[in-house]
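See below for the structure under consideration.
The values are calculated or read from the model by the stated rules, or taken from the named source; none is laboratory data. For clarity, every value in this text was computed on a predicted model and none was experimentally measured. Cβ atoms come from the backbone with ideal geometry, glycine included; neighbour counts cover every protein chain shown.
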Amino acid sequence: MDFEITFFYAGHYWDNQPIPEHSHWGTELVYTARGECVTRFRDDTFLTTRAGMVCITPPELMHQQKNLTADCETYYAVMQVNGRRFRTDLRTIDVSDDPLIGRWFQDLLELWNNHAHEVANALLAALWLRLEACEMGQKNLLNCHPGLRRALDLLENHYLEPLDVSTLAQAAGLSRSHLAALFRQRFQTGINTYLTSIRMMHARRLLLNPYYHVAEIGGLCGYPDSNFFTRNFHRFHGVTPLEYRRNPSISSRLPEGKGGGMEPVDLHREADQNPGGGE
């Protein structure tokens with residue numbers, strides 16, 4: 001890996017009062033979940049962000065955020081980014097076409113509250129890769145095959161439902177082989193691996209909530225068979241769901257976005273052994 005990310009802290013802001021001028025030791029990512037806000041920087045630069053946008057602020061740059069709408073809600077994360085892989089200069093990125101990014105900012109806040117810094121480091125690596133993908137226009141409708149776009153919309157908005165390649169191919173209006181080829185060409189990973197990474201991210205978030213029993217979390221993540229869920233969780237992370245709940249920091253094998261080092265999982269072989277497994 002040609003970069004290293006060290007998570008410092010995360011937060012959630014929804015107060016309508018202006019945030020006092022401040023700076024951070026590390027790079028700050030601010031995701032606007034609702035409404036609109038403006039950030040003024042020491043050199044009188046102003047950046048306005050609306051719902052579905054991320055603002056990147058480099059270290060030690062004085063700035064002040066002010067909400068422009070009463071319903072404005074933002075999530076932020078501060079970290080140290082080493083290496084030349086990611087640009088940390090001041091700018092905004094429109095991520096409104098990528099629903100996972102907003103969820104991951106919420107996950108970072110939960111990881112911060114649960115002191116799971118190692119897991120947060122891996123999640124931030126995945127987040128930066130997806131930000132990079134958005135910025136490069138990999139999910140831009142103008143540059144994306146319309147069939148692939150339809151399959152992605154179904155996959156990312158209905159990942160808790162039983163999905164397989166045939167269902168996605170039908171929604172895309174493509175053959176299974178054509179869709180698989182387009183997906184791998186675009187994201188350098190397989191469809192099932194990508195689907196599993198989304199479900200596992202959701203599972204990790206639920207495991208941090210003590211109100212959910214481990215036995216029911218699989219069903220909430222698209223795995224009706226709890227044993228099938230446990231096997232896939234262990235294969236993906238190297239620990240069982242119960243072990244992860246007891247100590248979230250023991251797992252560092254998190255997905256790095258679309259094809260950025262995700263561990264392949266042969267779900268077809270597993271599904272043959274477990275036809276009701278949701279795959």
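Quick notes on this one:
- Test: residue in the range 243-263 that is in a helix (DSSP H, G or I), at pLDDT 85 or above, of a type in the set (A, V, I, L, M, F, W, C) and surrounded by fewer than 18 Cβ atoms within 10 Å (Cβ to Cβ): no
- Residue check for Thr57: closer than 17 Å to Thr92 by Cβ, at pLDDT 95 or above, in contact with a Pro (Cβ under 7 Å, 6 or more places away or on another chain) and crowded, with 17+ Cβ neighbours inside 10 Å: no
- Strands (runs of 3 or more DSSP E) contained entirely in the range 9-68, each with at least 2 residues that are over 19 Å from the mean Cα position of the chain (by Cα) and not acidic (Asp, Glu): 36-41, 46-50, 63-67
- Given (1) of a type in the set (D, E, K, R); (2) at pLDDT 90 or above; (3) touching a Lys or Arg at 6+ places or on another chain (Cβ under 7 Å), index of the condition Asp98 fails: (2)
- Residues in the range 169-188 that are touching a helix residue (DSSP H, G or I) at 6+ places or on another chain (Cβ under 8 Å) and assigned to a loop (DSSP other than H, G, I, E, B): Gly173, Leu174, Ser175.
- The set of residues in the range 69-82 that are outside any strand (DSSP E or B) and either of a type in the set (Phe, Trp, Tyr) or more than 21 Å from Ile101 (Cβ to Cβ) (or both) contains only Ala70.
- The range 210-234 residues that are modelled with pLDDT under 90, paired with ones that are of a type in the set (Lys, Arg) (beta carbon under 6 Å, 6 or more apart): Cys221/Arg199; Gly222/Arg199
- Subset of the range 199-211 (residues that are surrounded by 15 or more Cβ atoms within 10 Å (Cβ to Cβ) and either of a type in the set (Lys, Arg) or over 20 Å from the mean Cα position of the chain (by Cα) (or both)): Arg199, Arg204, Arg205
- Considering residues of the range 137-156 that are among the charged types (D, E, K, R) and over 13 Å from Leu179 (Cα atoms) only, the residue modelled with the highest pLDDT: Asp153
- Where a residue in the range 100-123 is within 24 Å of Leu154 (Cβ to Cβ) and its partner, wherever it lies, is small (Gly, Ala, Ser), with Cβ under 8 Å and at least six apart: Gly102/Ala33; Gly102/Gly52; Trp104/Ala126; Phe105/Ala10; Phe105/Ala33; Phe105/Ala77
- Flag for Tyr223 being of a type in the set (Ser, Thr, Tyr), surrounded by fewer than 21 Cβ atoms within 10 Å (Cβ to Cβ) and under 21 Å from Pro241 (Cβ atoms): no
Yes/no per residue for (1) under 23 Å from Ala122 (Cα atoms); (2) surrounded by 15 or more Cβ atoms within 10 Å (Cβ to Cβ); (3) hydroxyl-bearing (Ser, Thr, Tyr):
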position: Asp15; (1), (2), (3): no, no, no
position: Ile19; (1), (2), (3): no, yes, no
position: His22; (1), (2), (3): no, no, no
position: Thr27; (1), (2), (3): yes, yes, yes
position: Ala33; (1), (2), (3): yes, yes, no
position: Phe46; (1), (2), (3): no, no, no
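- Among the residues of this structure, Ala172 counts as one that is touching a residue at least 12 places away in the same chain (Cβ under 8 Å), surrounded by 20 or more Cβ atoms within 10 Å (Cβ to Cβ) and touching a Leu at 6+ places or on another chain (Cβ under 6 Å).
- Any hit, the range 210-232, residues being over 26 Å from Leu123 (Cβ atoms) and in a helix (DSSP H, G or I): yes
- Selection from the range 157-176 of residues that are at pLDDT 90 or above and within 17 Å of Pro99 (Cβ to Cβ): Leu168, Ala171
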